[in-house]
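The values are calculated or read from the model by the stated rules, or taken from the named source; none is laboratory data. Because the structure is predicted, anything quoted here is derived from the model rather than measured. In this analysis, Cβ positions are derived from the backbone assuming ideal geometry, glycine residues included, and neighbour counts consider all displayed protein chains.
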Amino acid sequence: MITFLILVVVVGAGTLFAIERTLAADLVKSLDSRLFKQGSAVADYLTVTGHPDRLAPGLGAVTGTRITIIGADGLIEGDSVDPSMVGKPIGEAPEVATARLGDIGRAIRQLSTTEGPQYLIAVPADLDRVIRLAVPLEDVVETRARMRYRLLVGSAFGLLGCLLLSWIFIRAVTKPLQSMTRTAEKLAQGDYDVPPPTDAGGELGVLARAMMHMAGEVKTRIGELTQQRDLMSVVIGGLVEGVVVVERSGKVVLVNDAAKPLVGEGDEELPTPLRPLIKRALAGEQADAELALRGREVRASARPLGDPGAIVVLYDVTRMRALEAVRREFLSNAAHELRTPVTSISGYAETLLGGGVDAATSKEFLTTIHRNANRIASLVSDLLVLDTLGGRPSIVGDRTSVALAQVVQDAARTTKGVSPDAQIEIDVPAEIAVLGTREGLDHVVQNLIDNAVKYGAGTPVTVHAERAGQVVTLTVSDRGPGIPKGYEDRVFERFYRIDAGRSRAVGGSGLGLAIVKSQIEAMGGRVWVEANSPGARFVVELDVPSLTRRASSAG
């Protein structure tokens, strides 16, 4: 083992040194390649956008480097770390001089007395500019130190592994004899359930196999007596269906794990609904029924077993029935959500087919038809997303600035096309914009207004929006029966309806508000409901677009 250990240490140390040097070189090469690509990208971007004094800080934050842009006159046009350097000469910078000759300049030096050494790379750009990128060399040194530490740790574990393997190899020489000795001692004591001795070659292997054959024969004979019983217990215990076995005397002799939640433990009295089935099975008949056991819907099948008694198999169909109910609700919800845009499209299309519509009105009708057709496609997409992600869809498309007044007016126009008597009061300033998607906001506002009209019992619906800081609040209020206290959160649950009868009468299905919540959260906002005394007030909170924020800050 000593000789083997020395050999491993010498070879391992040489390999470790070579790997460390190679990885260090690859690290520097990778850093150089990254800085070159980033510098070239900055040069291309500068050609398109200009403004090096504003470009350098932004790109420096993105690339994680210090970016300095030097003009053709040697003056600094932009610096991502020290904007005060703008307009000052670059001074002696060999890497910049190399870049001016059309090559890639590289250097390792300090840029100031307060900083450590930097790895610099300079890339030529258009208009005789030079883009210089700098990263602290300390990062490279720390990375190499971490890499060297990991290699040392790995080598230490490798050395321990080699020692362990050496010990295993030596033990392999004597282990077969020790194992067979222990096996012989157990066999002499009448213990036939012994582990097999370590297999070996030659005569030792023959002896070990003969010894195990003798012990195996005895063990096989004994095991056959209990194998069938154990197999049956495992099979019945692993069934997902509940199994109950009853003797002719009526005593329960077997209840598997799946049946215990439905009928209780074996020593408990069986539920009353099962007794007629068991009685018929004990009489030699087959009986099937669907019944309720401890709050679960169960399909029970009872079969006679002859002299032993009877067996009852229980299938829990509660989840199946729930899924069927969900499917029916889903179809109803889909019809509800699609009815409004389809009705609007049908009405406007019928008017257009009737003729007698001027060009401006025809264009308005066609625009409404197109918008509602897009809404149908969006609704179908939302339903698929809700079904796939459990009502938590991700953002579809990038959020942009959307004029809220136009969205509300379009939604109100669509609602009045379906319900001409609807009273909708709109108080949304034209200058208010929110950060979101037009399709998502159309869907949200249309749902809220439709719900307010449907459940407002003919009362006026008020749509109001105002900006508070960097947030826009949109409220849709009605003066109908309102929402009972305690149900404010549940109304946003998928398929949930407070008053199923009233909801069905007005076309409600419980899906609209679930989609509203998902759409609002996907656009980075939130929605809730408040009491309006009388009626209900739905509040939507969305962010102000970033351009608006910057303009506000500048003001």
* Structure fact -> Scanning region 304-327 residue by residue, those within 27 Å of residue 249 (Cβ to Cβ) and surrounded by fewer than 14 Cβ atoms within 10 Å (Cβ to Cβ) turn out to be 306, 307, 308
* Structure fact -> For helices (runs of 4 or more DSSP H) lying entirely in region 255-358, having 3 or more residues that are closer than 30 Å to residue 451 by Cα and not aliphatic (A, V, I, L, M) picks out 318-354
* To do: Would you be able to say whether some residue in region 343-352 is surrounded by 12 or more Cβ atoms within 10 Å (Cβ to Cβ), farther than 23 Å from residue 443 by Cα and at pLDDT 80 or above?
  => yes
* Residue list for region 509-555, filter: modelled with pLDDT of 85 or more, part of a loop (DSSP other than H, G, I, E, B) and loosely packed, with under 15 Cβ neighbours inside 10 Å -> 524
* To do: Under 8 Å between Cβ atoms, at least 6 apart or on separate chains: pull out the pairs that start in region 102-128 with a residue that is of a type in the set (S, T, N, Q) and end on any residue that is in a loop (DSSP other than H, G, I, E, B).
  => 110/116; 110/117; 118/110; 118/111
* Structure fact -> residue 1 meets each of (1) more than 24 Å from residue 108 (Cβ to Cβ); (2) surrounded by 14 or more Cβ atoms within 10 Å (Cβ to Cβ); (3) at pLDDT below 80 with one exception, condition (2)
* Asked: Which one of these is hydroxyl-bearing (Ser, Thr, Tyr), surrounded by 12 or more Cβ atoms within 10 Å (Cβ to Cβ) and either under 18 Å from residue 32 (Cβ atoms) or under 46 Å from the mean Cα position of the chain (by Cα) (or both): 80, 84?
  -> 80
